[in-house]
Amino acid sequence: MKLISGKTIAADIRETLRQRIESLKEAEKRLPKLSVILVGDDPASATYVRNKERACAQTGILSETIRMSKDTTQQALLDVIYRLNADDTVDGILVQLPLPAHIEASEVLMAIEPGKDVDGFHPVNVGKMMTGMQALLPCTPKGVIRMLEAAGYDDLSGMRATVIGRSNIVGKPVAQLLLAKHATVTTVHSHTARIAEVCAEADIVVAAIGRPKLIGADWIKEGAIVIDVGINRDEHGKLCGDVDFEQVKDKAEAISPVPGGVGPMTIAMLLENTLEAYAEHEKGGRGHGSAAV
């Protein structure tokens, strides 16, 4: 069994980004900047934001966190986004989700300029991804693909991939990115009949359903590759994924752990997207997606 360590892969990516930014410093060029907006006092969101701040500091990306109260109006939040859209020193804008119930998240995300949408959620970037154009990709799905590549699974031609979950943030985009790698993709969800049987036919399983340890050995084909996107707490309060790791690890050819799997990759991809957005902005392509650095 091969362990696909997102923690290790993400560390390598962050080091590459750090070196690129160091070269910008040596050339006395403007540095990439990420602006994060945190609305309210959700403890989990605050932790995620601190992790992003720390990762930016480690790589040399400039960052700012704009903290707004839970009673902030939607218009006040939009006004901040419009200001950041117009700020030529800001390359990436991220609004930490979830937002308070009185704020319509879809309208807020739509307000972010696509070229600064480092979360990859804007419909312009989603549309470009779906049609195979260069775009800022959603961070977690992008991280899943990079994990597969780093583990030696690049060209997925002839392989059957099953994605468990159909969310707009993970399930749907990761299915599209697997298609772009030439896999034959099936998406299963809560309304899928005989879901375990369908999954057991797959060469690659990406679990993103949000149910602790739901996927046991009977869901996995011998020699399959398993990427666990889930972040849950088990009955003892211990962090775990959607996959029962102990049941599945000896049956899979390769598997990602939780913690230390997809989580670190998501932040690494956010940093990479910020640098990609920076490169496009420096070329004068602001508002038109992103290009590789």
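Values as computed for the structure displayed
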{"read-out": "Coil-residue trypsin sites (Lys or Arg not before Pro) of region 161-196, DSSP, other Cβ within 10 Å capped at 11", "value": "Arg194"}
{"read-out": "Degrees between helix 262-282 axis and first principal axis of the chain (Cα, 0 to 90, nearest 10)", "value": "40"}
{"read-out": "Mean separation of Cα contacts under 8 Å, 6 or more apart, over the residue count of the chain: relative contact order %", "value": "22"}
{"read-out": "Sparse-neighbourhood loop sites, GluC sites (Glu not before Pro) in region 1-96 - DSSP loop, at most 13 other Cβ within 10 angstrom", "value": "Glu28"}
{"read-out": "Restraint check, Lys172/Lys249; Lys7/Lys249; Lys2/Lys251; Lys52/Lys249; Lys128/Lys283; Lys33/Lys116, Cα-Cα greater than 22 Å", "value": "Lys172/Lys249; Lys52/Lys249"}
{"read-out": "For region 69-210, alpha-carbon Rg relative to the globular expectation (2.2 N^0.38 Å, N residues)", "value": "1.21"}
{"read-out": "Heavy-atom surface of region 1-139, accessible at 1.4 Å and reported per residue (Å²)", "value": "49"}
{"read-out": "In degrees, nearest ten, helix 139-150 long axis to first principal axis of the chain (Cα)", "value": "60"}
{"read-out": "For the chain, built as a Gaussian network whose Cα springs stay under 10 Å, the top-fluctuating residue of Pro257, Pro100, Pro32", "value": "Pro100"}
{"read-out": "Neighbour cut-off at most 14 other Cβ (10 Å), DSSP loop, trypsin sites (Lys or Arg not before Pro), region 1-84", "value": "Lys29, Arg30, Lys70"}
{"read-out": "25 °C / 0.890 mPa s Stokes-Einstein diffusion coefficient of the chain, Kirkwood radius on C-alpha pairs, µm²/s", "value": "125"}
{"read-out": "Cα pair distances of region 1-119 binned at 5 Å [whole percent]", "value": "2, 10, 19, 20, 18, 13, 9, 6, 2, 1, 0"}
{"read-out": "Estimated translational D of region 144-255 in µm²/s (Stokes, Kirkwood radius over Cα pairs; 25 °C; 0.890 mPa s)", "value": "178"}
{"read-out": "Other-chain or far-sequence residues with amide H under 5 Å of Ser63's (modelled H)", "value": "Leu34"}
{"read-out": "The chain: angle of helix 6-26 to the longest principal axis, Cα-based, in degrees nearest 10", "value": "20"}
{"read-out": "Rounded to 5, percent antiparallel among DSSP beta bridges of region 153-293", "value": "10"}
{"read-out": "Protein accessible area in region 194-239, 1.4 Å probe - carbon and sulfur %", "value": "49"}
{"read-out": "Highest-MSF residue in the chain out of His102, His182, His191 [GNM, Cα springs under 10 Å]", "value": "His191"}
{"read-out": "For region 88-99, 3J(HN,Hα) per residue [Karplus equation, 6.51 cos²θ - 1.76 cosθ + 1.60, θ = phi - 60°, Hz, x = Gly/Pro]", "value": "5, 8, 9, 9, x, 10, 10, 9, 5, 9, x, 9"}
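The values are calculated or read from the model by the stated rules, or taken from the named source; none is laboratory data. As the structure is a computational prediction, the values presented were derived from the model and not from experiment. A quick note on method: Cβ atoms are made from the backbone with ideal geometry, for glycine too, and the neighbour counts reach across all protein chains shown. For the accessible areas, the whole protein counts, side chains as well, though only heavy atoms, and no ligand, DNA or RNA atoms are used. Shrake-Rupley method; radii C 1.70, N 1.55, O 1.52, S 1.80 Å.
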